[in-house]
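The values are calculated or read from the model by the stated rules, or taken from the named source; none is laboratory data. Since the structure is predicted, the reported quantities are computational estimates derived from the model, not experimental observations. All Cβ positions, even for glycine, are placed from backbone atoms using ideal geometry, and neighbour counts span all protein chains on display. Just so you know, the surface numbers come from the protein's heavy atoms only, side chains and all, with ligands and any DNA or RNA stripped out. Shrake-Rupley method; radii C 1.70, N 1.55, O 1.52, S 1.80 Å.
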Amino acid sequence: MTRQKRLDLVILVVSVALVGLYEMSGGGGFPLDDSWIHQGYARNLAEGGEWSLVAGTASAAATSPLYVILLAIGYKTGIAYPLWTLALGAAVLALLGMLLARMSACLCSCNAQWYWLPPVLTLGTWHLIWSAVAGMETILFCTLTTALIYWAWRTCLQRSSALSSGHAITLGLLSGLVTLTRPEGALLGALVLVSVMASEVSPGLKAKPLASGRKAQPGAGGATGVKPPGTTRARLAAFASIALLTFAVIVFPYVHFNWTLTGSLLPASASAKLQQQQILLGTPFATRIIGIVIPVFAGAQILLLPGLAVYTQLAARGRFRLPVLMAILPLFWVVALVLLYAARLPAAYQHGRYLIPILPAIILCGGIGLVHALGNLCPRRFSRILSRAWLGATLSCGAVFTLAVGPAVFRKDVAIVNEEMVRTAQWISANVAEDDLAAGHDMGAFGYFARRSVLDLAGLLSPEVIPILGDAEAVWTLLESRGVEVLFAFPDQIPGGTSADKRLCLVFSTEGRAARAAGGQNMSVYRLDWRGNCPQDE
C-alpha cells in the first residue's frame with residue numbers, strides 16, 4: 001500500500017469516527033430546522049417523484065437540489081434516513097480530506113513529508129465535522145468547490161493544452177454540479193473559467209522555477225511548459241462556449257422550475273432570506289464583513305492566518321509549479337464568497353454556515369504556509385522552536401475544538417431543534433385537524449412530521465409572503481383572508497413581535513430547556529380568534 005493510500009484510509013476511518021462521535025453526542029436529530037427541509041424534499045421525491053416539502057404542493061424551498069437527490073437515494077433504497085445522511089456526510093468529509101492531501105502534495109514538492117498537514121487540519125476543524133453531521137449541503141459544497149479547484153490545478157499541470165473540448169465539458173459539468181449544490185457555486189465556476197484561460201495564454205502569469213532551485217521537467221506543469229500553438233481568440237471563445245453550454249444544460253431544469261414557480265432564477269428560500277436580512281444591509285460594509293467572518297474562525301483555523309499570509313506571498317512570487325493565477329485561485333474564492341455574502345446576505349448565525357465553504361481553502365493555503373515555515377525556518381534554532389510551537393499549538397487547538405467544543409455545540413443545537421421545532425410539529429400532527437390551516441415560520445420539521453398544508457410566514461413555501469415581510473398588519477390581513485386557524489412561532493416571529501395580541505389563544509408551549517439555557521425563547525402554538533376574544537395572562 002502506497003503512502004497516499006495509507007493516508008486515505010486513515011482519513012476515512014477518522015472521518016467516520018468523528019461523525020459517529022458528534023452523532024452520539026447529539027443523541028439523534030439535526031442541529032438545524034433547514035435539515036428537515038432537505039429530508040422532506042428527499043422523501044417526497046423518492047416516494048412520489050415530486051419536488052415538494054408538503055406532498056401534493058410543488059415548492060421551490062430547497063436550495064440544494066443535488067443534495068436532495070443524494071438523500072432521496074437513501075429513501076428509495078429503504079435505508080434509514082439518519083444512517084444514510086450520516087454515511088453520506090462522513091464519506092464527503094473524507095473525500096474533502098483526500099482532495100486536500102493531493103492538492104497539498106502538488107504544492108509541497110520541496111517539503112513532501114508535510115503534505116499530510118492540510119487533511120489533518122481538516123479533521124481538526126469542528127465546523128466541517130459539524131457540517132458533515134448537520135444533514136445540510138454545506139459539507140458537499142465544501143468538497144465540490146475544492147474538487148473544482150483541484151481539477152483546475154491538475155489541468156494546468158498536464159502536458160497538453162488546457163483549452164481542449166474535453167476539459168471545457170468537464171469544467172461545465174463540475175461547475176453545474178457545484179451550482180446545483182449551492183447557487184453561489186456559479187461564482188467559483190466563473191473564476192475557474194477565467195483562471196484557466198488566462199493562465200493558458202498569458203506568459204506573464206506563469207510561475208517562476210521551483211523554490212528548491214530544481215528545474216521543472218518538460219511537461220511537469222503548464223506553468224513552465226511551452227505555450228501550445230494555436231492558442232487564439234477563437235480557441236478561447238470555443239472553450240468558453242462549450243463550458244458555458246455544458247453548464248447551462250446541467251442547471252437549466254432547476255432554474256426553469258424556479259422561474260415557472262416563483263418568477264425568479266433562484267429558489268424561493270434565497271429571496272426570502274435576502275428579504276429577511278435587509279435591515280443588516282444598512283450597516284457599514286466593513287462591519288458586515290467582520291461580522292460574518294468571525295464565526296468561521298472560532299477554532300484552530302485562526303492560527304492559520306500567518307500561514308495564509310506566507311502562502312499569499314509565495315503564490316504571488318510564483319514559487320509553486322502552478323501558474324500564479326491558479327495558485328491564488330483558492331484565495332480569490334475566499335475573498336469573492338466573503339464579499340458576496342457581505343453585500344447580499346450578511347448573516348452570521350448558525351456558526352457562520354454560509355461562509356464555512358471558505359474553510360477548505362484557508363486550511364490548504366494556511367497549512368502550506370505553515371509547511372513552508374517548518375521547512376525553511378528550521379535551520380535556525382529560534383526559528384525552529386517557533387515553527388514547531390506554531391505547529392503544536394495549531395494541532396492541539398484543533399484537537400480541543402474538535403473533540404470537546406464541537407460535540408458540545410452540536411449537542412446544544414440538536415436539543416434546541418428537537419425540543420422546539422420537532423416537538424411542536426409532532427404536537428400539531430397529533431392534536432390539530434388536517435383541514436385546519438396552520439401558519440408558521442420554521443417549516444422544516446413541520447413539513448416533515450406534520451405533513452399538511454401550511455402558510456409559510458418566512459416565504460420559503462409561500463412566495464406571496466416575501467413582499468410583505470416586515471409589515472405586521474399586512475401579514476395579519478393575509479392570515480385572516482386565508483382563514484388561518486393555527487399559528488406556531490417563537491415570540492419574535494409573531495407578526496408584530498408580541499404574544500399579547502388578543503387574537504392569539506395559547507394552546508401549547510414546548511417549555512424546552514435548551515433554548516432557554518441558550519438565552520432564547522420557546523415555540524408556542526396558538527388558536528386564532530379573529531374576533532379578538534382570547535384571554536391574556538396577567
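Overall, the accessible surface of the range 432-515 at a probe of 1.4 angstrom is composed of carbon and sulfur to the extent of 48 percent.
Be a star and scan the range 266-291 for residues whose amide nitrogen sits under 20 Å from the point 7 Å along the Cα-to-Cβ vector of THR57. What the label zone holds, given the 20 Å backbone N cut-off, is 267-273. For the listed peptides 447-460, 251-264, a ranking on the average number of other beta carbons within 10 Å per residue, highest first, reads 447-460, 251-264. Rounded if a/c is under 1.5, else prolate if a/b beats b/c, else oblate: with a ≥ b ≥ c from the C-alpha gyration tensor eigenvalues square-rooted, which is the range 112-157? Cα axes put the range 112-157 in the oblate bin.
Could you tally the net charge around PHE488, taking each other residue with its Cβ under 13 Å from the Cβ of PHE488, Lys/Arg +1 and Asp/Glu -1? That works out to -3. Around LEU339, with a cut-off of 14 angstrom between Cβ atoms, what is the net charge of the other residues, counting Lys and Arg +1 and Asp and Glu -1? Charge balance in the 14 Å sphere: +1. Length gained on full extension, ASN431 to ALA186: 83.7 nm, using 0.36 nm per residue less the C-alpha separation.
Taken one residue at a time, the phi angles of the range 65-73 give Karplus couplings (6.51, -1.76, 1.60, θ = phi - 60°) of x, 5, 5, 4, 4, 5, 5, 5, 4 Hz. Gly and Pro are set to x. Site pair ALA234 and THR260 shows an inter-label distance of 4.0 nm when each label is modelled 7 Å from Cα along Cα→Cβ.
Between LEU281 and TRP530, the FRET efficiency from the beta-carbon distance, with R0 = 30 Å, is close to 0.30. Per residue, the range 1-148 exposes 32 Å² of solvent-accessible protein surface, assessed with a 1.4 angstrom probe and all protein chains in place.
Close Lys pairs in the chain (alpha-carbon distance under 21 Å; sequence gap of 8 or more, or different chains): 4. Bridge orientation summary for the chain: considering DSSP beta bridges with both residues in this region, about 60 percent are antiparallel. Between the amide H of ALA439 and those of LEU455, VAL486, LEU487, PHE488, distances stay under 5 Å, these residues lying 5 or more places away or on another chain, with hydrogens modeled in the peptide plane. Subtracting the Cα-Cα distance of ALA343 and GLN4 from their residue separation scaled by 0.36 nm leaves 118.0 nm.
Multiplying the residue separation of ILE69 and ALA472 by 0.36 nm and subtracting their alpha-carbon distance yields 141.4 nm.
Here the peptides 403-414, 182-193 are ranked by packing, the mean other Cβ count within 10 Å, and the order with the highest first is 182-193, 403-414.
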